[in-house]
Structure formats: structure tokens, C-alpha cells
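No lab work stands behind these numbers, since they all come straight from the coordinates. Just so it is clear, the structure is predicted and the values come from calculations on it, not from any experiment. As a convention, Cβ positions derive from the backbone with ideal geometry for all residues, glycine included, and neighbour counts pool all protein chains shown.
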Amino acid sequence: MWENDLQFIKDIILIIGSITSTFFAFRSYSKWKKEHKGKIKYELCRNILKTVFTLRDDFKSVRSPLSFAHELMPGYKPGESKESENLSYIFNNRFKVLYDSCNSLSSLLPEIEFEFSIDLKKKCEDILYEVKLYQMTVSEFVQISNVENIYKDEHYKVMKLKVYNIGDNNELTLKFEKLIDIIKIDVQKEINKY
């Protein structure tokens, strides 16, 4: 009789131990899963910020009013060569770097939509749209740059302000910076969750 009671107590202890270990295993798995998902989102946030900041810096470089000697078209001679050909050469080379940044951001868009929201994806698409609009503005600027006495033309002056980052209150610069800041705030809110 004593042996049956001992066997029964032993079975109860084994059942309680099994239930307890199953509970702790499930709880550990849930914590690991949450931590793993948090790490993935954190890395995505870091990649978004890094990509957006790189795009911002590349955009600033493209809009620089200074043209360095190494950027000029080979054989370019001011006054003898067509200004539009030289500007086209300069901007084509500058845009190559900017396009790499745009492609990096574009490649993150599906992940942004999946992990966060369509709203954040839309904001990133707005930045890419601004770059496209800027490219069209540069194309127009390059085309009109060969007209004689263009420097006195009012339309040329307006285009020049749009193409180059001149002055503190440049409309395109302020708009682009505002979009970057909005994305930065949204992504930092997501980072703070983890």
C-alpha cells in the first residue's frame, strides 16, 4: 500500500514538472520570438535611416552650385564649348550616385510597407518623386543654358534657383529636408518601441 502511494506521488511530481517545463519553454520561445522580431525591425529602421540620410547627402551634392575641375567634361573650354554639353556631363555623373541611393531606398519599400505602414512607404515614395521632379528640372535647365545672353533671362534665373541649392530659404531644399525629418521622426518612434 505504501508503494502505491509513493508511485502516485512520484507520478504527480513528474506531471507537475512536465507542465512547468512546458510552460517555461513556451514562455521562453515567445520572448525569443518577440526579441527576434524586434531585432529585425530595429535593423530595418537603421537601414531606412541610413539610406534616407545617404540620399539626402547625395541630393545635396547634386545640387551644389560648385563644379570642380574633375567634374568638367574632358576637353571643356569655357566660351568655346557648349555649356549645355558640359552641364549635361556634370549632372549625368552626379546623378549616378543619387540613383544608387534612390535604388537603395526603392529596394526597402516592400519591407517598409510590410513591417510598418503604407503611410511611411508613401513618405519614402514622396522623396523619390521629388528626385524625379528635380531630374526633369535639371533637364530643362540644361536645355535652356545654351541660349545667348541667357544669364539676363528671368526664366533662367528661376531655373537656376531650382537646380542649385542657393540661399537659406531654397524651396526645394526646405521641402526635401522636411520629408527627411518626417521619416526620421516616424522611424525613431518605431525604434523606441523596441
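For the chain, the longest principal axis of the C-alpha atoms and the axis of helix 118-144 are separated by about 10°.
Using only side-chain charges placed at the Cβ, +1 for Lys and Arg and -1 for Asp and Glu, the dipole size of the chain relative to its Cα centre rounds to 340 debye. Extending 7 Å from Cα along the Cβ direction at ASN92 and again at GLN188 yields two label points whose distance is 4.1 nm. State, as an integer percentage, the relative contact order of the stretch 46-192 based on alpha-carbon contacts under 8 Å between residues 6 or more apart. Relative contact order comes out at 32 percent.
Note on the stretch 46-192: percent of Cα-Cα distances in each 10 Å bin, starting at 0 and stopping at the bin with the largest distance, equals 10, 37, 30, 16, 6, 1.
With R₀ set to 41 Å, the beta-carbon distance separating GLU113 from SER61 gives a calculated FRET efficiency near 0.90.
Kirkwood-type hydrodynamic radius, the stretch 41-118: 14.5 Å, calculated from all non-identical alpha-carbon pairs. Against the main long axis of the alpha-carbon atoms of the chain, helix 83-115 sits at an angle near 20°. Taking GluC sites (Glu not before Pro) as exposed when DSSP calls them loop and at most 14 other C-beta atoms lie within 10 angstrom, the chain has its longest site-free stretch at 1-79.
Within the chain, the longest segment free of exposed loop sites, counting trypsin sites (Lys or Arg not before Pro) that fall outside DSSP classes H, G, I, E and B and have at most 12 other Cβ atoms within 10 Å, spans 83-192. Counting other Cβ atoms within 10 Å as a rough exposure proxy, the listed residues ILE127, ILE191, ILE9 run ILE9, ILE191, ILE127 from fewest neighbours to most. Once R0 is set to 45 Å, what does the formula 1/(1 + (r/R0)^6) return for the Cβ-Cβ distance between MET136 and GLU43, expressed as a FRET efficiency to the nearest 0.05? The pair MET136/GLU43 has a calculated efficiency of 0.85. Please name whichever of SER145, TYR89, ALA69 sits farthest to the positive end of the charge dipole of the stretch 46-192, dipole taken about the Cα centre and charges placed at Cβ: Lys and Arg +1, Asp and Glu -1. Of SER145, TYR89, ALA69, it is ALA69. Tell me the angle of helix 154-163 to the major Cα principal axis of the chain, expressed in degrees between 0 and 90 and rounded to the nearest ten. With rounding to tens, the tilt is 30 degrees.
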